[in-house]
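Have a look at the structure below, then the notes.
The values are calculated or read from the model by the stated rules, or taken from the named source; none is laboratory data. All values derive from a computational prediction rather than experimental measurement. Here the Cβ is made from the backbone with ideal geometry for all residues, glycine too, and neighbour counts use every protein chain on show. All accessible areas refer to the heavy atoms of the entire protein, side chains included, with ligands and DNA or RNA removed. Shrake-Rupley method; radii C 1.70, N 1.55, O 1.52, S 1.80 Å.
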Amino acid sequence: MSIKTIGRHLGLPVFHVLMILVLSLFIVSFIVLAAGVSPFTAFSLLYQGSLGSVSHLGHVMKSFFPMTLCAMGLVYTYRISLWNIGIEGQVIVGALSAMVLFRLFPEPQVPSLFFSLGIVSAFLGGMGWAMITGFLKSTCGVNEIFAGLGMNFVSQGLALWLIFGPWKRPGIASMSGTDPIADVYCLIESGPLSISGFELILVFILFIFTWILIRKSIVGLKLHASGSNPFASRLLGLQPTLSIHLALAVCGGFAGLAGLFQVSGVYHRLIPSISSNYGYLAILVVLLSGFDIRIVPIISFFFSCLLVGSIQLPMMLQIDSSLSGVVQGIVVMVYLVYMGIARHLNSRIRKPVYE
Amino acid sequence: MIRLENIHKDYGSVKANDGVNLSVRPGSIHALLGENGAGKTTLMKILSGFIAKTSGRIFVCGNEVDISSPVKALKAGIGMMYQEPMDFPQMTVLDNLMAGRPSGFFISRKKALHDLDRFSSDLGFSFNPASNPASLTLGERQQLEMIRLLSLGVKVLILDEPTTGITDLQKDVLFFSLRRLAKLGHSIILVSHKMDDVTSLCDEATVMRQGKVSGHFSRPFSSQDLLQCMFPSGGDVDIADDYQPGDPFYFLDQVTASSSRVVLKPISLNFRQGEIVGLAGLEGSGQELLLRVAAGVSHIHTGAIRIGDTPLTARSMKAYQSSGVFFVPGSRMEEGLISGLTLSDHVALCRSGHTLFTRKRAVESQTSRFIENFFIKASPHSLVDSLSGGNQQKFLLSLLPDTPRILFLENPTRGLDHDATAAIWNILKTRVRHSGSAVVFSSSELDEILQVAHRVLVFSNGELMMDRLCHDLDPHDIGQAVSGIKQTKY
């Protein structure tokens with residue numbers, strides 16, 4: 001299989017992917033140079049911090065799971081041409097919903113049953129939150145971007161209120177969050193990478209599920225048709241409004257599960273920044289993957305490496321760890337500019353000439 | 001002042017403009033008429049720089065000009081006013097006037113105010129410079145747009161359907177201002193379907209048909225002259241010989257509705273089994289709205305719709321489809337098919353029902369059957385975008401169930417050549433004959449209606465003017481009905 005064939009299978013020719021990466025690293029190098037640090041040192045630290053050891057790779061995976069879940073959810077909404085900016089809030093509400101159950105039953109009789117209920121609660125929480133956006137769009141005509149943004153603020157406010165109000169730690173209320181959840185609700189980490197098998201298996205199953213649903217079943221086609229041309233879809237006997245609700249419900253559910261991962265797998269409590277911005281990052285992941293479910297894990301892994309690898313930068317080079325955000329942002333910007341130019345050139349070549 | 005010489009505009013094999021010659025004298029008001037698809041809007045867009053011509057020459061005051069963009073058209077003194085004014089609703093009237101200037105860094109509030117005052121008093125308009133266009137009526141926004149264009153030095157003003165959606169009073173003000181402009185030496189080109197407007201205002205009229213100029217008139221001319229030129233059917237009525245209508249089964253009772261262009265006045269109708277009904281009238285007279293309303297695509301304000309004894313009023317489009325009522329839109333790619341999907345994808349979507357997976361091979365063989373039965377030149381894996389208009393239309397028809405009870409078709413043969421048109425009608429007539437379905441269609445070609453329909457309904461200004469069987473039809477009556485004179489029912 002040639003490199004071009006692999007590229008075609010990945011949806012985006014490898015040449016373009018390489019060009020985007022090289023151009024992005026080139027621009028980032030200038031920024032790092034301006035900060036007085038050798039780009040080579042910075043990149044090598046990024047690599048060491050993410051893929052340099054087994055334990056670092058474990059951290060990368062902990063970031064990879066929730067981010068991939070969110071990105072997979074967004075594949076559904078992008079398929080129907082919806083910008084689910086509200087996914088950030090859906091992660092938070094998923095976390096809150098799981099926390100409600102974990103706090104209500106701190107010492108469960110049958111831990112596995114109650115943890116399963118926690119999973120359902122997180123899924124339904126995220127789903128319900130997303131469906132409010134869907135309802136606002138389908139009945140009141142509110143653009144999903146504005147509705148989602150508004151819902152993000154509300155969910156963030158709700159989390160803060162709970163942390164500093166009803167769920168505050170006895171005697172103190174701080175940004176460090178609520179009391180830890182019971183050990184039975186914390187995910188067990190195992191293996192050389194010390195990652196949760198539950199997260200790995202769930203993400204894998206949902207990846208296969210989404211792949212089949214979006215690419216192999218009629219559902220993906222219906223979502224695409226409803227998003228591309230709602231009027232024609234109705235004439236063909238489809239129900240575009242139902243598709244909007246379905247896509248948002250699944251996306252919100254996946255985001256809710258990502259919230260559960262954050263609570264049970266990473267922080268073991270509710271903290272103000274419980275979402276770790278994975279919702280917003282997932283939007284960039286899906287954008288870069290060209291909305292192709294098959295590419296999502298690759299881009300998500302790359303972003304996770306950047307996130308985890310950059311943690312070392314402040315200690316070693318006195319560069320702020322936000323460099324990872326700069327790299328991510330630049331990759332996306334370069335991608336958009338690059339694809340825009342490619343499209344423009346393409347259309348110029350194909351444009352019929354009448355004169 | 002303006003001379004268009006041998007203008008051609010081709011879209012693939014479709015000739016939107018086919019060797020058009022047009023001269024507009026300075027100080028005259030010139031009407032450009034023609035049915036939808038006649039090529040008048042294309043011609044005006046070429047003149048105002050919005051689209052490029054395929055070939056031909058444009059002269060302004062005797063000099064050949066290159067109009068390849070709206071800015072170049074403005075430099076040549078040509079400006080176009082659209083039906084929906086292109087203003088900035090959130091900015092003030094004065095800011096709108098200043099924002100429209102194509103170049104220059106500094107803005108002159110004083111000059112803009114002066115222009116506003118001067119043109120307003122010249123043309124009989126009245127504006128508060130600090131108000132927002134959002135608070136103005138459509139007519140006033142048109143006036144603002146007119147001032148904006150004039151302040152940019154426009155000498156040739158093109159108006160596209162300016163009297164649609166404005167009050168009679170505003171129409172009077174508009175006509176006064178246009179006459180005044182003509183007196184000042186400006187040339188006005190009026191694109192319109194309204195015979196009254198054209199006969200009362202214009203000095204000259206050019207009629208277009210199928211991309212060509214089909215007639216030119218100078219004052220005095222009557223609406224009958226113009227209509228005769230627009231619909232040169234000349235009474236060659238080819239009576240459909242297979243008319244064996246069944247019982248009425250589809251009923252509209254005192255239905256009213258409205259769109260952005262027309263208000264449908266209370267209408268009561270029924271359609272019979274095995275009947276082909278053609279809807280005629282000038283564009284935007286209500287026939288398209290009636291089709292959409294009757295098919296459950298647009299909502300009605302009052303009245304009732306039922307099929308047999310089953311009421312359909314205010315039901316969803318799905319309920320109409322379940323009752324055997326189907327609609328095929330005129331704009332095939334915009335409203336009928338889904339861009340980027342293949343023929344097989346469309347068939348899978350239509351036939352999937354509630355299943356999660358479709359059998360690829362079954363879908364493909366069904367698509368192949370459609371392709372064969374409907375003579376579509378494509379393969380199951382062809383993208384619908386790559387199909388010609390005729391094949392898109394045939395594919396749309398193939399997607400309909402085998403035995404619909406009633407089909408509402410919006411301009412089913414628009415833009416198709418003779419062979420494709422014949423193929424479409426063969427398919428539809430076979431359906432009518434075999435399944436007893438009723439077909440109701442609109443068409444801008446009166447010839448087509450008279451050739452294939454059993455019954456014709458003529459609309460004017462949202463009102464049903466004539467409802468007759470084709471075999472006892474006098475073409476003269478159609479002309480009368482189109483121009484708004486009510487004919488007796490059959």
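Summary table below
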quantity: In the stretch B:71-126, the residues that are open to solvent by less than 80 Å² (accessible area, probe 1.4 Å), among the charged types (D, E, K, R) and within 22 Å of B:V156 (Cβ to Cβ); calculated: B:D87, B:R101, B:D115, B:D122
quantity: Hey, A:L213 within 14 Å of another protein chain (Cβ to nearest Cβ) and in contact with a Cys (Cβ under 8 Å, 6 or more places away or on another chain) or not; calculated: no
quantity: Boolean, A:V75 is open to solvent by less than 10 Å² (accessible area, probe 1.4 Å), in contact with a Cys (Cβ under 7 Å, 6 or more places away or on another chain) and closer than 27 Å to A:G125 by Cβ; calculated: no
quantity: Conditions (1) touching a His at 6+ places or on another chain (Cβ under 7 Å); (2) more than 30 Å from A:P111 (Cβ to Cβ); number of the one not met by A:G237; calculated: (1)
quantity: 1 or more residues at the interface with another protein chain (Cβ under 9 Å from one of its Cβ atoms): qualifying strands (runs of 3 or more DSSP E) within the stretch B:261-366; calculated: B:325-328
quantity: Residue list for the stretch B:29-65, restricted to those being β-branched (V, I, T) and not in a loop (DSSP other than H, G, I, E, B); calculated: B:I29, B:T41, B:T42, B:I46, B:I58, B:V60
quantity: Helices (runs of 4 or more DSSP H) lying entirely in the stretch A:236-328 (those with 2 or more residues that are surrounded by fewer than 20 Cβ atoms within 10 Å (Cβ to Cβ), away from every other protein chain (no Cβ under 14 Å) and under 15 Å from the mean Cα position of the chain (by Cα)); calculated: A:278-288, A:296-309
quantity: Positions within the stretch B:322-365 being of a type in the set (D, E, K, R) and closer than 25 Å to A:L213 by Cα, in sequence order; calculated: B:D345, B:R351, B:R359, B:K360, B:R361, B:E364
quantity: Every pair of residues 6+ apart whose Cβ atoms lie under 8 Å, when the first sits in the stretch A:16-34 and is over 18 Å from A:Y47 (Cβ atoms) while the second is open to solvent by less than 80 Å² (accessible area, probe 1.4 Å) and not in a helix (DSSP H, G or I); calculated: A:V17/A:L10
quantity: Failed item, numbered, when A:V219 is tested on (1) among the aliphatic types (A, V, I, L, M); (2) open to solvent by less than 50 Å² (accessible area, probe 1.4 Å); (3) away from chain B (no Cβ under 14 Å); calculated: (3)
quantity: Selected residue [more than 19 Å from B:G185 (Cβ to Cβ) and either acidic (D, E) or surrounded by 21 or more Cβ atoms within 10 Å (Cβ to Cβ) (or both)] from B:I46, B:I51; calculated: B:I46
quantity: Qualifying positions in the stretch B:61-70 - open to solvent by 20 Å² or more (accessible area, probe 1.4 Å) and either under 25 Å from B:L181 (Cβ atoms) or among the charged types (D, E, K, R) (or both); calculated: B:C61, B:G62, B:N63, B:E64, B:V65, B:D66, B:S69, B:P70
quantity: Candidate set: the stretch B:1-45, residues that are farther than 25 Å from B:G281 by Cβ and among the small types (G, A, S); chosen: the one nearest to the other protein chains (Cβ to nearest Cβ); calculated: B:G12
quantity: Among (1) under 12 Å from A:V93 (Cα atoms); (2) open to solvent by less than 50 Å² (accessible area, probe 1.4 Å); (3) not aromatic (F, W, Y), the one test that A:L158 misses; calculated: (2)
quantity: Residue that is at pLDDT below 85 and touching a helix residue (DSSP H, G or I) at 6+ places or on another chain (Cβ under 7 Å), where the choices are A:M339, A:M316; calculated: A:M316
quantity: Among the residues listed as B:V213, B:V255, B:V191, B:V207, the single one being more than 17 Å from the chain's Cα centre (by Cα), under 19 Å from B:M44 (Cα atoms) and modelled with pLDDT of 80 or more; calculated: B:V213
quantity: Extreme residue, modelled with the highest pLDDT, among residues of the stretch B:216-252 that are more than 30 Å from B:E5 (Cβ to Cβ) and polar (S, T, N, Q); calculated: B:Q224
